[in-house]
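Reading through the structure tokens given below for one structure.
The values are calculated or read from the model by the stated rules, or taken from the named source; none is laboratory data. These numbers were taken from a predicted model, which means no experiment stands behind them. Heads up, the Cβs are rebuilt from the backbone with ideal geometry, glycines too, and the neighbour counts pull from every protein chain shown. Accessible surface is based on the protein model in full, side chains and every heavy atom, while ligands, DNA and RNA are left aside. Shrake-Rupley method; radii C 1.70, N 1.55, O 1.52, S 1.80 Å.
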Amino acid sequence: MKEKLKEIIQIIFVIIFLIVNLIVLFCNIKLNTSINFLFKNYILFFTGGVVVFVGYYCFRKYRMKISENLIIGILSVLLLSFEIFVSLNALFRSGWDVGILYDAAYYNVFDKFPIIKFNCSKSYFEMYPNNVFFLLYEMFFAVIVKLIGRGQKTLSFLLVMNNCLIFVLAGFMLYFCVRKLTQNRKISLSAWIMYAILVGTSSWFLVPYSDSLGLLFPIFIFFVYMFYNKNAYLKTFLISFLAFLGYQIKPQVLIVFIAIIIIKLLDIYKFDKKNVLKIFKQVFVVFLTYLLISLPIGYLKSNIMKLDENKKIGLSHFLMMGMNTETNGVWSGEDVNFSSSFPTTSIRTQKNLEEFEKRVQKLGIRGLALHLRNKILINFNDGTFFFGEEGNFYVWSYPTNLKTSEFVKEFVYSNGKYYIYLATIRQSLWLIILFLMLFSCLKSKDKNVLVVQLSLIGLFLFEMLFEARSRYLFIYVPYFIILSNLGLNLLGNRLMKKYKKRGVN
């Protein structure tokens, strides 16, 4: 039965992402978040496919004479150097939620330090208390900046430098995860190169927000899951700690934690007394870890910041907003006003769910299918992950004396002259990654692979139900790359075997 369930997970995975591939490649529909790339998706898919498979063939023939650990070390240093260079040339301040959090962190520290009163943008944190931890994260850097006698530019630079380290570290862990799954160092380097193009050199490292900071957690959780096996309870603690801490930054982080639990239960041979006792102990570790993370944050919100719980915009709001056909499930100011009009959390939740039900009933089966198709396009048809498209994205660019600054900005700012060329390359690569993922199912019932596949199934369902945004996929891009390179390796091996057999015959 358990083996059948594992097969069902892979079947569901293939069905979901086959549909995603077909819609993204062949539905030429302009929506409210559509990016105008240089060519149509099917052209980008074909050209990207040719480049990837020719590169794979050449890479397969090439004999590596240098240690792979040395190679990945050098590449990581080069990537970090590139990111620092870009940051020095193109550091900027952003608006939307990023600006609110930055201002709250800066002025709470610089106006009130060392007595923190948390009175900046209090209404924002009452509506979105999930961003309190990110506020604390930025305030930590603000305190350092205050102590060394520097100002706003230094704070922005330190936050971006931390992003750079996170992006490099995530790529480093990705490399070793792929290497263990495929036992192929060339494919592992292929995965890192894809990561560097799609994520590592992406302009998102210039934006200090949950999408950048959150990138670390899913891949870190999977890295611990794959590589640490000395003590089961310490492993449970580490994974739980990363999951609950990551949840404070980006709720989607919890998806991989749930996937690990499901696969762990399916992997247990039988539920005898010994196994049940072990599960109970691990559940207890998870519970204690949850308290370790949640109690201090909860105390801060209620007793120090004194946030009004009744103003919280909860999951029911984002569920309702996800069924808004006028915006195709994207953020809606009208929906925010609707939710904010109710005095208590319980009433708000009830009204949100009622409105959600009304919208689904109004759509009907055909309307719901079309709406979900549009949400698939919004979520998956963007290899830039909506960089530069949020409202008031650029507030100002910090001045610099570097002569290369204006030239660099033309490449990394979404309104730059040459940005569209890099964006188109990323879109082409993203389409190939989505396609190659399907072949990861050629390696069946591997629990590590199943965790990644189940995580992406969960992510898909989350984005289909709740608010749509392609940048909400960003923290899980390493998972897409893992499966795509596993698929590339498995597909390549099968094709080469068939080619050799025909050659013999």
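The table below lists the values:
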read-out	value
Selection within region 224-248 - surrounded by 23 or more Cβ atoms within 10 Å (Cβ to Cβ) and either at pLDDT below 95 or of a type in the set (A, V, I, L, M, F, W, C) (or both)	I239, L242, A243
Extreme residue, nearest to the chain's Cα centre (by Cα), among residues of region 195-219 that are farther than 20 Å from F176 by Cβ and assigned to a helix (DSSP H, G or I)	D211
Residue within region 46-54 that is within 23 Å of S414 (Cβ to Cβ), over 22 Å from the mean Cα position of the chain (by Cα) and at pLDDT 85 or above present	yes
Considering residues of region 57-93 that are of a type in the set (G, A, S) and at pLDDT 95 or above only, the residue surrounded by the most Cβ atoms within 10 Å (Cβ to Cβ)	A90
Criterion: in a helix (DSSP H, G or I) and farther than 24 Å from F172 by Cβ - qualifying residue of V50, V86	V50
Any chance Y290 is hydroxyl-bearing (S, T, Y), over 22 Å from E357 (Cα atoms) and in contact with a Phe, Trp or Tyr (Cβ under 9 Å, 6 or more places away or on another chain)	yes
Lone unmet requirement of (1) out of contact with any Gly (no Cβ under 9 Å at 6 or more places or on another chain); (2) closer than 29 Å to M464 by Cβ; (3) at pLDDT 95 or above for E389	(3)
From the options L265, L189, residue that is at pLDDT below 95, under 30 Å from N89 (Cα atoms) and either of a type outside the set (S, T, N, Q) or part of a helix (DSSP H, G or I) (or both)	L189
Where Q183 falls short, out of the listed (1) surrounded by fewer than 20 Cβ atoms within 10 Å (Cβ to Cβ); (2) in contact with a Cys (Cβ under 7 Å, 6 or more places away or on another chain)	(2)
Members of region 311-339 found to be in contact (Cβ under 8 Å) with a residue 60 or more places away in the chain and either farther than 30 Å from K30 by Cβ or open to solvent by 80 Å² or more (accessible area, probe 1.4 Å) (or both), listed by number	K311, K312, L315, W331
Residue within region 117-127 that is closer than 20 Å to T400 by Cβ, modelled with pLDDT under 95 and touching a helix residue (DSSP H, G or I) at 6+ places or on another chain (Cβ under 9 Å) present	no
Residue match in region 299-310 (condition: over 27 Å from N131 (Cβ atoms) and open to solvent by 50 Å² or more (accessible area, probe 1.4 Å))	no
Residues located in region 447-465, provided they are over 22 Å from G492 (Cβ atoms) and open to solvent by 10 Å² or more (accessible area, probe 1.4 Å)	K447, L454, I457, G458, F460, L461, F462, M464, L465
Test: residue in region 53-73 that is of a type in the set (D, E, K, R) and touching a helix residue (DSSP H, G or I) at 6+ places or on another chain (Cβ under 6 Å)	yes
Hey, Y107 closer than 26 Å to P399 by Cα, assigned to a helix (DSSP H, G or I) and either touching a Leu at 6+ places or on another chain (Cβ under 6 Å) or open to solvent by 50 Å² or more (accessible area, probe 1.4 Å) (or both) or not	yes
Number of the exception - L159 against (1) over 27 Å from F92 (Cα atoms); (2) open to solvent by less than 30 Å² (accessible area, probe 1.4 Å)	(1)
